Each structure stands twice: as structure tokens, then as C-alpha cells.
Amino acid sequence: MTERQESVQAEHGTARTGRLYGVGVGPGDPSLLTVRAAELIGKADVVAYHCARHGRSHARAIAERYLTGGQVEERLMYPVTVETTDHPGGYRGALDDFYQEAAERLAAHLDAGRDVVVLAEGDPLFYGSYQHMHKRLAHRYPTEVVPGVTSISAAAARLGTPLVEAEEVLTIIPGTLPEEELTARLAATDSAVVMKLGRTFPAVRRALERAGRLDEARYVERATMAGERTGALADIDPDGVPYFSVAVLPSRVAALDAAGEPFAALAPVTAATPAAEAPAGAPEEGAGGFGEVVVVGTGPAGPLWLTPEARGVLANATDLVGYTTYLDRVPVRPGQVRHGSDNKVEGVRAEFALELARRGRRVAVVSSGDPGVFAMATAVLEAACEDPYRDVPVRVLPGMTAAHAAASRAGAPLGHDYAVISLSDRLKPWEVIARRLRAAAEADLVLALYNPGSKSRTTQVGSARDLLLEYRDPATPVVLARDVGGPTERVRTVELGALDPADVDMRTLLLVGSTQTRWVRRGGGQQVVWTPRRYPEEQPGD
């Protein structure tokens, strides 16, 4: 209810309703209540608080010193917490009925003109029980929400370390999420706080380990309360971890600065860089052994195409190595060293990355699309199978391929069997490419054609078109997908017979349909290209 509605009530002599207050009491220490919170608790007619069936309320315990003894206390006791229930609507149904009944109990006080304060641990609208009262009552009564210090802020203060700095992103995660989801979110973010530990602690610990973040993780139990405890999460015994505890991944920037040894700038990668020579500033291999090389697929364009695992590896790397154009897609992070180079020195770039890892660095080799499809994974693995890099750990992280991204924009042209062929004859003779095109065309496969042309390669598209016309109808649809996911994206479909090589450059990918591929105009002018999953059976005599 607004102030204007209250003035209308007074003008017409209608009874005044009480005011509803959602009051945050902070993380545990009563001295961390705000002045406004203390004032409202002291003068309220009714003080309400949620509790489990044992009857004790942390929120009331925090606010106790501000109670006058003259307030009516409404204890809102949950019918269930984590146990099972025979309610016909299950756990959620039991809670919904409880929240509705509790809201009506408070409404009775408000209708009688009594002001009601609902106590909330931390902040009322941050994972708090108060919000269920707010959703049911705030549209009916004048309402004020008083913010409180969250457990997140309290935990960071007790750890004495920044949560986020500069452009870092903080992710708040409930520990009740499935373990796979926890792992993905922990891998993808810069900093994180995992709430609601207790019985979820073992799954949270496993997720941190799988995400490669366990060594960074800190543990805070009962921040600002009696029995407070902090420490490295990896050292915590899972038995006895209470609900009032959080896992914290603090700022990486802060961690680097605290060490007092920011990473030294290393020499850029060039074609002349001696592969076996230690880059300037690289640390000598120490007792900790090798670092690691992870070849990361970033997808065909920007951050929307990155997997959570790839985000995590890019954030955790000490060094990024890659073609400069692809490195520019990765956010700059303080403390990381970026080694950009030309696109034609894959072997040199691979050995450079392995050398960095051999000397203890965590290296991410950045590759567009999927690193195993005409990209850097092959170059890195080829070098890693030779001395002196055989013992350097190497991983490959997949990414969205250019072919799949292009196909999604056109419809579903890759809905049946297809072949992926590079038209570049820089690393293999054109005769090999032509033989493979002919074999794929004879097999009636849809074709995804990578690297169709460049400033120095201008004949391949025309030659491929003429060869395919020996097997395909001139009306066969061809999808021209340029810069998919990028700022200059353009996807269109033409007939094979009308394919003009002048419309194709190195940033274009071609999808050539089979004899079964359909090109259909739908309602609203939308054109879609799709290949049926069912292939017609051959007839006798065919």
C-alpha cells in the first residue's frame, strides 16, 4: 500500500492497517544490525520469525537484545525441513501451504492495525524465508524492506580477502544444485560463493575438485557467530559441516597481488622463436614439476559460444597462447601473459606452449571452433609426442564447430550423414582434395567445406563447384555462412549452379546439400535448409 492509499484511508475514516517490515538482522553478530533494523524491532507491535520444528530461531537470537518484551511474538514453524512428507503435494506442496497459512496469520495482525516485523537472517530478499511473506502480503499492505549484511560479506570479511576485483564476476551458487551443475558453474566463473553447505558439502567439494578449483577454495563456518571457523576447504572434515557455512573462491587478482610476485612478461611467439629455448622470464622447473597445456576450443565467435569448462581454464591459466585474432576474443585478466602470433606458425606456437608448461606454467592454447577440427590440437599433440615434451600434461577441451554453428543458422542441413573437408591446399595437394570431394559426392553426403578461399587461394571454390555439379543437380542448396556469431554475420542460401566464388572468403563456410536436402520457404518469408534423417531405400535394378 502506498502513502497515497494511506492518506485516502485517513480521509475517509477507514481503519488504519499495520505496516509490514522485512528486517535483515545480518549474519550473526547482533552489533552488525543496521540502526534502522534496531529501531523497527524495538517499536514493533509484532515480531515474527521462522524456525524449524525444534523451535529455535537464529534470527530471533540475533535480534534478542533489541526486543522490549512487550511485543507479540509469532513463531512461524516449518512443517518440514529436509525430511520426507506425506503431503499430497509433496515437499513443495507442504511448504506452499505453510507459507500461505503463515502469511494469513500475519495478515490478521496487519488488518488489526498492528505493525509486523519479520526477522530475516542476513538480507530479507537474499535466499531468505521472508520473501515468501513478501510475495503474499506486500501488494496488500504498506511494506518496507530493511537490508542486512549477508553471510557472503561476512565470510569475505572474516577471510580478509577481496571477493572480486576489476572486471571479475562473482557467482552465488546454492550447494543444493546437482553436482554436474555445480561443477560447470564453478569452472566458468572468476569468483564464487557456495551457500547452503551442510549435507551438500561432499558434493560441493567434489565439484570444486573436478572444476580444478579446490586448491583456491576457502571455508567459512558461522561467520561472526560463536564457533566461527575458517580454513582451506580441502582440509575440512565433511562430518559435522553445518548449514551455516559457505565455500568461497576469492578474487584471483587478489591472490596474485598478495603473492608479491606478478607474472613476468614473456617473449612474444614469432616464427623465429627457438622452440627449445626458455622464454625470457619463464620460471625454471621446480619441485612442483610440470605445468599443463590445455588446448581450448572457443567456438566460432564470442563468449556466448564458450563452454563453462573452457571459461574456467581460460580464467585459471597463467599464459594464453594463440593466433592474435583469437586471443582478442578472450577477456584480459591481470596477471595473465598473452602470447599472440600469426596464423601460419602452428608448430612453433605449439612448442612454445609446451615449453612454458615444461617450466611450470598453466598454459591455455586458444583455438577457434573445436581445437580438434582443422585447428591447434593436432599441432600441440604432434609436438607433445616428441622429446623433450613427452611428459608434459596435455588436455583438449572441445568447442562448438563452425559447421555446426552455420548449420543451426540455416536450419538442419547436417541432419543426415555428412563429410567435413578443408579446401585449403596449403598442407595437402589439390589432387587429394578433389579425390575426397568426388568420393563424398558419389556417396551422396552433405558437405561442410572449410577454408574455401583466401587472398592467395582464389580457384578452389570454382573447381569444387564444377566437380560437384558432375554429381549434384544445379538447384542443390548451398549455405554460405560468413562470420557466424560475429558482428558481420551473414548467412544465405544459393543454388549450387549459381555459386559465385567471388562471394566466398576465408571467413566463409560452405554447406552443400545432398540429393535429399530440402530448401523450403516457410510462413513469414523464413527460408530453411534441412536434410531428412530417413534415406530412401534403393529399388531393385537401381
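The values are calculated or read from the model by the stated rules, or taken from the named source; none is laboratory data. What you see is a predicted model; the values in this text were computed from it and never measured. Neighbour counts run over all protein chains shown; Cβ positions are idealised from the backbone, glycine included. Areas reflect the complete protein model, heavy atoms only, side chains present, ligands, DNA and RNA absent. Shrake-Rupley method; radii C 1.70, N 1.55, O 1.52, S 1.80 Å.
Dipole magnitude of the chain about its Cα centre, charges +1 at Lys/Arg Cβ and -1 at Asp/Glu Cβ only, in debye to the nearest 20? Display every interim value, and only then the final one.
Values: 59 positive and 70 negative charges, 164 e Å.
Charge dipole of the chain: 780 debye, to the nearest 20.
Helix 201-210 versus the longest principal axis of the chain: what angle, 0 to 90°, nearest 10, using Cα atoms?
The answer is roughly 20 degrees.
If you take the charge dipole of the chain about its Cα centre, with +1 on Lys and Arg Cβ and -1 on Asp and Glu Cβ, which of ALA94, GLY70, ALA108 is farthest toward its positive end?
Checking the options against the dipole of the chain, the answer is ALA108.
Kindly report the accessible area of the chain per residue (heavy atoms of protein chains, probe 1.4 Å, no ligands, DNA or RNA), in Å².
On the way: 26270 Å² over 542 residues.
Heavy-atom accessible area per residue stands at 48 Å².
Around TYR243, what is the net charge, scoring Lys/Arg as +1 and Asp/Glu as -1 over all other residues with Cβ under 9 Å from its Cβ? Let's see the in-between values first.
Details: positive: LYS196, ARG199; negative: none.
Taking every other residue near TYR243 into account, the sum is +2.
Any idea what diffusion coefficient the chain gets from Stokes-Einstein, in µm²/s, Kirkwood Rh on alpha carbon pairs, 4 °C, 1.567 mPa s? Each step should come with its number before you reach the end.
Numbers: Rh = 28.3 Å.
D, rounded to a whole number, is 46 µm²/s.
Along the charge dipole of segment 310-465, Cβ charges K/R +1 and D/E -1, which of ALA443, GLY399, ALA315 sits furthest on the positive end?
ALA315
Quick one: dipole size for segment 329-386, taken about the Cα centre, charges +1 on Lys/Arg Cβ and -1 on Asp/Glu Cβ, in debye to the nearest 20.
Working: 9 positive and 7 negative charges, 89 e Å.
Value, rounded to 20: 420 debye.
Taking 7 Å along the Cα-to-C-beta vector as the label spot, tell me the ASP466-SER31 distance in nanometres, rounded to one decimal.
Between ASP466 and SER31, the label points sit 8.7 nm apart.
Is the shape of segment 287-336 best called rounded, prolate or oblate, per the rule: a/c under 1.5 gives rounded, else a/b larger than b/c gives prolate, else oblate, with a ≥ b ≥ c the square roots of the Cα gyration tensor eigenvalues? Provide the component values of the computation, followed by the final result.
Working: a/c = 1.98, a/b = 1.69, b/c = 1.17.
The shape class here is prolate.
Taking θ as phi - 60°, what are the ³J(HN,Hα) couplings along segment 110-123 by the Karplus curve (6.51, -1.76, 1.60), each to the nearest whole Hz, with x for Gly and Pro?
5, 5, 7, x, 8, 7, 10, 9, 9, 6, 9, 4, x, 10
If a/c stays under 1.5 just call it rounded; otherwise compare a/b with b/c (prolate if a/b is bigger, oblate if not). Do that for segment 438-542, with a ≥ b ≥ c from the square roots of the Cα gyration tensor eigenvalues.
Numbers: a/c = 2.27, a/b = 1.30, b/c = 1.74.
It comes out oblate by the Cα gyration axes.
Which net charge results for the neighbourhood of GLU121, defined as the other residues with beta-carbon distances under 13 angstrom from its beta-carbon, given Lys and Arg at +1 and Asp and Glu at -1? Before the final figure, lay out the partial values.
Values: positive: ARG56, ARG60, LYS196, ARG222; negative: ASP29, ASP123.
Taking every Cβ under 13 Å from that of GLU121, the sum is +2.
Would you please classify the overall shape of segment 49-185 from the alpha carbon gyration tensor, given that a ≥ b ≥ c denote the square roots of the eigenvalues, rounded means a/c under 1.5, and beyond that prolate means a/b larger than b/c while oblate covers the rest? Walk me through the numbers before you get to the answer.
Details: a/c = 1.93, a/b = 1.33, b/c = 1.45.
The shape class here is oblate.
DSSP loop GluC sites (Glu not before Pro) in segment 386-461 with at most 16 other Cβ atoms within 10 Å of their Cβ, which ones?
Working: sites: GLU386, GLU431, GLU442; in loops: GLU386.
Listed in order of number, the matching sites are GLU386.
Mind ranking 522-530, 219-227, 374-382 by how tightly packed they are, going by the mean number of other C-beta atoms within 10 angstrom, highest first? Walk me through the numbers on the way to the answer.
Values: 522-530: 11.8, 219-227: 18.8, 374-382: 21.1.
By packing density, highest mean first, the sequence is 374-382, 219-227, 522-530.
In whole Hz, what ³J(HN,Hα) sequence does segment 47-56 give by Karplus (6.51, -1.76, 1.60; θ = phi - 60°), x for Gly and Pro?
10, 10, 7, 8, 7, 7, 5, 6, x, 8
Roughly how many percent of the accessible protein surface of the chain is carbon and sulfur, given a 1.4 Å probe and a whole-percent answer? Walk me through the intermediate numbers first.
Working: 13330 of 26270 Å².
Within the chain, the accessible surface is 51 percent carbon and sulfur.
Hey, quick one: spin label on ARG492, modelled 7 Å out along Cα-Cβ, who in segment 397-426 has an amide N within reach, i.e. under 18 Å?
406-407, 409-411
Looking at segment 162-197, which GluC sites (Glu not before Pro) are in a loop (DSSP not H, G, I, E or B) and have at most 11 other Cβ atoms within 10 Å? Kindly include the intermediate steps, with their values, before the conclusion.
Working: sites: GLU165, GLU167, GLU168, GLU179, GLU180, GLU181; in loops: GLU165, GLU167, GLU168.
Listed in order of number, the matching sites are GLU167.
Starting from the Cα of LYS344, draw a straight line to each of the lysines and keep only those under 18 Å, dropping any in the same chain fewer than 8 residues away.
LYS428, LYS455
Rounded to the nearest 500, what is the 222 nm mean residue ellipticity of the chain from helices alone, with -39500 (n - 2.57) per DSSP H run of 4+ residues and division by all residues?
On the way: 16 runs with 158 residues, N = 542.
Taking each H run of at least 4 residues, the total per residue is -8500 deg cm²/dmol.
Looking at segment 375-462, which trypsin sites (Lys or Arg not before Pro) are DSSP coil and have at most 15 other C-beta atoms within 10 Å of their C-beta? Kindly include the intermediate steps, with their values, before the conclusion.
Numbers: sites: ARG390, ARG395, ARG409, ARG426, ARG435, ARG436, ARG438, LYS455, ARG457; in loops: ARG390, ARG426, LYS455, ARG457.
The qualifying sites are ARG390, ARG426, LYS455.
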